Amino acid sequence: MSWQAEIDELRRREAMAEKMGGAEKVARQHGRGKLDARARIAGLVDAGSFREIGKIAGKGHYDGDGHLTSLSPSNLIFGRADIEGRPVVASADDFTVRGGAADAAIYRKFTQCEKMAHTLGIPIIRMIDGTGGGGSVRTLEDIGATYVPAVPGWSDVIHNLDSVPVVALALGPTAGLGAARVVASHYSIMVKGLSQLFAAGPAVVEALGEASDKESLGGSAIHTRNGVVDEEVASEAEAFQRARRFLSYLPSRAGQSAPRTKPRDPVERREDFLLSAVPRDPKQVYSMRRVAEAVADKGSVFEMGRQWGRAAITAFARFDGWPVALLASDPSFLGGSWEARTSEKVERFVKLADQFRLPIIHLVDNPGFMIGLAAETSGTIRYGVQAMNAIYRAKVPLASVIVRRAYGIAGSAMSNADAFQYRFAWPSGDWGSLPIEGGIEVAYKSELEQAEDPAAHLAAIRDRLDRVRSPFRTAEHYGVEDIIDPRDTRPLLCEFAWLAWAKLGTA
């Protein structure tokens, strides 16, 4: 006897689930300029690779004879898929089903989705739209009681953060648990004008007497500049592309090796412009991003978090095909001085690199911690020391290139000074406990007061110190390991990447 009737019923239920919240609500979703959950998954993963899990879970509606008349599917869609041929867990909140709020099936699906990632050791991508599994006031009436707040399965969220790459895409208004799920990631993205994120939305905030709309309360212009979210993009398609690219630099799980790509850029490539990239005028800025692009494999630099902590550039790149975490100063913002946000950003990035075993390359032009009342009020020294601690605790190989300045505690955080220094300095290198320009008057105060011509005496002191501060003087004492022609930076860093990955066990 055949089971075809049951298979037909399964297909009927699957067809109901594919309608999501119904034609009207799906059209409303599209009318807001948003893709629906199933289209999002299709746009993110390799074509044809998605295998949905728990597709027919939801709330069935039956007639008096017990026959199913309709199905309200779960508002979480998830399953196994591939990105660039590598397996991932792909999930998407379905805003067309009760605005992404809780329903009868979502809690078990939520926990199983999260468990799948760390159990199998594969990355997880969350596409969040709505409360993302959070509560709804209507739920209280359905249950007939309220409850002490708890998040079932949050231990699995933490476990994933400790074990696999986690990517979160905020693709609409995200509040409460949805917002928490965005933040609990290694890489997060918002779409400009489409995504908002808040602990509670405008309607709730208005009860406190604070009027606002979604964008002014929690738009991407706020959260990609305060460090809550890493990236602001112009479209959902761009969000999918950036999520895929982020994962391409990382292993599928902690303890595994990240993939090397086939080298397509000559190791010995030397860019002539590097010889004059750093201006002789110490007050003149230059593009560190252009320097990074010149020394890394062409087209391989992938920056994250560009809008916040802007005195530091945090990016992934490849050197002879080997993936690395690239940390660099940005002299065009605060002269490259680390303030609280920059220090927080550096700490987070270094911990990410260490967790997923990516060698670190640090391009240094750091005049020290930001000073002044604002810097002190924001706790710069605490965040700065935490960033330095992360660098000292990192177990992965690290190479640093002193491009220009390295001053004070922040400058010394370029690397672990107690470890072997795989370090190079350009002839433009300028270092010390504090910038000479800011310390001469203090150090020579009494001498200058007694001089017949203080201005001429100050100029003479500066001339003497300029000769002493030459990087060659430091190299004589082995205070810096190697001064190099800037054009040799790429070949030397490719050598480092090869040696680092040999140490990590893949070369």
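Quick note: the coordinates plus some simple rules give every number you see, no bench work behind them. Just so it is clear, the model here is predicted, and its values are computed rather than measured. Heads up, the Cβs are rebuilt from the backbone with ideal geometry, glycines too, and the neighbour counts pull from every protein chain shown.
With the dipole of the chain worked out from charges on the C-beta (+1 for Lys and Arg, -1 for Asp and Glu) around the Cα centre, which of Thr69, Val468, Ser332 lies farthest toward the positive end?
Thr69
Show that you can apply the helix-only estimate: for the chain, add -39,500 (n - 2.57) for every DSSP H stretch of four or more residues, divide by all residues, and state [θ] at 222 nm to the nearest 500.
So the calculated ellipticity at 222 nm is -11000 deg cm²/dmol.
Tell me, which longest segment in the chain has none of the trypsin sites (Lys or Arg not before Pro) that fall in DSSP loops with at most 12 further Cβ atoms within 10 Å?
The answer is 33-263.
What do you get for the angle between helix 236-248 and the principal long axis of the chain? Use alpha-carbon atoms, 0 to 90 degrees, nearest ten.
With both axes taken from Cα atoms, the answer is about 60 degrees.
Can you list the HN-Hα couplings for the range 107-122, worked out from phi with the Karplus curve (6.51, -1.76, 1.60; θ = phi - 60°), rounded to whole Hz and with x for Gly and Pro?
For the range 107-122, the Karplus curve yields 5, 5, 5, 4, 5, 5, 4, 5, 5, 4, 5, 6, 5, 8, x, 10 Hz.
Determine which lysines satisfy two conditions relative to Lys25: a Cα distance under 21 Å, and not lying fewer than 8 residues away in the same chain.
The qualifying lysines are Lys34, Lys55, Lys59, Lys214.
Would you work out which of Ser446, Cys494, Pro282 lies farthest towards the positive end of the dipole of the chain, given +1 charges on the beta-carbon of Lys and Arg and -1 on that of Asp and Glu, about the Cα centre?
Looking along the dipole axis, the top candidate is Cys494.
If the only charges are +1 at each Lys and Arg Cβ and -1 at each Asp and Glu Cβ, what is the size of the charge dipole of the chain around the Cα centre, to the nearest 20 debye?
The dipole magnitude comes to about 980 debye.
At what distance in angstrom do the alpha carbon centres of the range 285-361 and the range 1-73 lie from each other?
Here the two parts' Cα centres lie 43 Å apart.
Separation of the range 445-490 and the range 205-228 by C-alpha centroid, Å?
First find each Cα centre; the distance between them is then 49 Å.
Considering only the range 272-503, what is the antiparallel percent among its DSSP beta bridges, to the nearest 5?
Within the range 272-503, antiparallel bridges account for around 35 percent of the total.
Using DSSP, restrict attention to beta bridges with both residues in the chain and report what percent are antiparallel, rounded to the nearest 5.
Counting only bridges with both partners in the chain, antiparallel ones make up about 40 percent.
Sort Leu171, Leu275 so the one with the fewest other Cβ atoms within 10 Å of its own Cβ comes first.
Fewest to most other Cβ atoms nearby, the residues stand as Leu275, Leu171.
Among Leu197, Ala180, Leu169, whose Cα sits farthest toward the positive end of the charge dipole of the range 142-263 (+1 at Cβ of Lys/Arg, -1 at Cβ of Asp/Glu, about the Cα centre)?
Of the options given, the answer is Leu169.
Please report, in debye to the nearest 20, how large the charge dipole of the range 272-503 is about its Cα centre when each Lys and Arg carries +1 at its beta carbon and each Asp and Glu carries -1 there.
Computed charge dipole of the range 272-503: roughly 900 debye.
³J(HN,Hα) across the range 369-375 via Karplus (A = 6.51, B = -1.76, C = 1.60, θ = phi - 60°), whole Hz, x for Gly/Pro?
6, 4, 10, x, 4, 4, 5
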